[in-house]
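The values are calculated or read from the model by the stated rules, or taken from the named source; none is laboratory data. From a predicted model like this one, the values you see are computed outputs, not experimental measurements. Heads up, the Cβs are rebuilt from the backbone with ideal geometry, glycines too, and the neighbour counts pull from every protein chain shown.
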Amino acid sequence: MSVLNETHDPALRSWLASANDDARGFPVQNLPYCVFRPASSQEAWRPGAGIGDRILDLAALARTQPFSGEAARALAACQDSGLNTLMALGPACWSALRLALSRALREGSPMQQAIEPLLVAQAEAEFSVPARIGDYTDFYISLHHATAVGRQFRPDNPLLPNYKWVPIGYHGRASSIGVAQQFHRPVGQTRPAQEGGTPGFGPCARLDYEVELGVFIGTGNPLGRRIGLEDAEAHVFGLTVLNDWSARDLQAWEYQPLGPFLSKNFASTISPWIVTLEALAPFRAPFQRAAGEPMPLPYLSGAQNSAAGAFDVRLQATLSTAQSRGQGEAAATLSRSNFRDAYWSVGQLVTHHTVNGCNLQPGDLLGTGTLSGPEPDQAGSLLELTQGGKTPLTLPWGETRTFLQDGDEVSLGAECVKPGYPRLSFGAAVGRVLPAL
Ligand code: CA
């Protein structure tokens, strides 16, 4: 578990003016990672670190060999088209690189002149998925989401009996995960109008988004060797924002008995940025169960997890439409929620995933599941916000929505905010729905 150190000093400022602009959320205390190249170029993808409105080109920095020891080892791993090599090195190297970058980018650094030519404007860059994602697992860790969705199908008994004991998850699809995605509305089978009839086939009519965070695995574990809860966070590189788009009508027909399939695997959008767990150390919170809730089984319980296993990360979903963009309207805010309201912690997900010996690998992505809060305006999907499509939302410019229409663009953002500390942004997971092919 990362502890506070000099990189978290709230008084630190960067020699790059835009880093000290709270609205950007990329201060010297954040230093999120991405993979980028100059926009519309054929140059190689390479790792970068976000600072203000710029990206520090870490592959170019590595060629100048400015650091020594573990920081040098970590920086050398940034000469790759993904972050996997860095991810595989582990927390001592990640922390050493963070410290070296913090010292290089803060006010008074003797490295300013050497680094300035290696900064690329974010507005002039294009981004890639930041790691080669071998496997993607999606969990279901919001009790509020599980209860609200379960109530639509089982009003008297919304939660299944396993929910409060097992971090529920399923294996998703990695190949269709992207950044800044524009994807065609999925097509597929839907439930027959009458029982025993022929299913429908056509474009999804109940297309939805899901507000999630993504957990990027750093170091993995050998097949057959579980990761204990006390070690679990040392295997986590950082967090990103994730939109797990869902075709609700396709899902309703296909999901029994094995779970969702084509209703989920057509696209999953992440922010290009990964905020490290070390950067999030000032925003840790106790992981607690409300009175009357069962305590997790011993392998999912631990003192560190109870003391500080949760993270205070604010999430927001916004929607723009073809009409609203044409009229120059600001995007509408659909919900706000917080990761600290989740029922399971990051460490518990890693430990549970490996308790049977399943091996995680550097770059694997774990989705948290939809992160809804206890209040109606904290619901992280249209399924919840519109009560399964029964109650349309009226958008500020007059349009209504039950589910997403062609041309709709959903932007999911996350940030950490507290008095006396610079704001940390996770960037945004932005995706737009194109008409079905
Ligand atoms: Ca999901």
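Could you check how many residues of the range 287-300 are within 18 Å of Thr368 (Cβ to Cβ), assigned to a loop (DSSP other than H, G, I, E, B) and at pLDDT 95 or above? Lay out the reasoning, then the answer.
Restricting attention to the range 287-300, the residues satisfying the condition of being within 18 Å of Thr368 (Cβ to Cβ) are 287-289, 296, 300.
In the following step, the residues that additionally are assigned to a loop (DSSP other than H, G, I, E, B) were identified as 287-289, 296.
Cutting the leftovers down to at pLDDT 95 or above gives us 287, 296.
Qualifying residue count, the range 287-300: 2.
Assess whether Asp208 counts as being in contact (Cβ under 8 Å) with a residue 40 or more places away in the chain and not aromatic (Phe, Trp, Tyr). Yes; evaluated as a whole, the condition is true for this residue. Phe266 falls short on exactly one of the conditions (1) within 16 Å of the ligand (Cβ to nearest atom); (2) closer than 25 Å to Gln378 by Cα, and that condition is (2).
Considering the range 362-374, and only residues there that are within 15 Å of the ligand (Cβ to nearest atom) and assigned to a loop (DSSP other than H, G, I, E, B), the residue that is nearest to the chain's Cα centre (by Cα) turns out to be Thr368. Reported count of residues in the range 197-211, each being outside any strand (DSSP E or B) and either among the small types (Gly, Ala, Ser) or surrounded by 15 or more Cβ atoms within 10 Å (Cβ to Cβ) (or both), is 6. Can you list residue pairs whose Cβ atoms sit under 9 Å apart, with the first residue in the range 336-359 being at pLDDT below 95 and the second being part of a helix (DSSP H, G or I)? Count only pairs 6 or more apart in sequence or on different chains. Taking only residues 6 or more apart or on different chains, not a single pair turns up. Filtering the range 205-248 to residues that are within 30 Å of Pro435 (Cβ to Cβ) and away from the ligand (no atom under 16 Å from the Cβ) leaves only Ala205.
Take the residues of the range 327-361 that are in a loop (DSSP other than H, G, I, E, B) and either within 16 Å of the chain's Cα centre (by Cα) or charged (D, E, K, R) (or both): which is farthest from Ile274 (Cα to Cα)? It would help to see each step written out before you state the result.
Filtering the range 327-361 for residues in a loop (DSSP other than H, G, I, E, B) gives 327-331, 342-345, 355-361.
Narrowing the set further to residues that are either within 16 Å of the chain's Cα centre (by Cα) or charged (D, E, K, R) (or both) leaves 329, 342, 344-345.
Numbers: Glu329: 29, Ala342: 20, Trp344: 20, Ser345: 18 Å.
Looking at residues that are in a loop (DSSP other than H, G, I, E, B) and either within 16 Å of the chain's Cα centre (by Cα) or charged (D, E, K, R) (or both), I get Glu329.
The strands (runs of 3 or more DSSP E) located wholly in the range 20-137 that include 2 or more residues which are surrounded by 23 or more Cβ atoms within 10 Å (Cβ to Cβ) and under 23 Å from the mean Cα position of the chain (by Cα) occupy 33-38, 46-51, 54-57. Checking each residue in the range 142-195 for being without any contact (Cβ under 8 Å) to a residue 24 or more places away in the chain, in a helix (DSSP H, G or I) and of a type in the set (S, T, N, Q) picks out only Thr147.
Being polar (S, T, N, Q), buried (at least 21 other Cβ atoms within 10 Å of the Cβ) and within 16 Å of the ligand (Cβ to nearest atom) narrows it down to one of Ser345, Ser324, Ser381, so name that one. Working first, answer last.
Values: Ser345 fails: within 16 Å of the ligand (Cβ to nearest atom); Ser324 fails: within 16 Å of the ligand (Cβ to nearest atom).
Going through Ser345, Ser324, Ser381 in turn, the sole match is Ser381.
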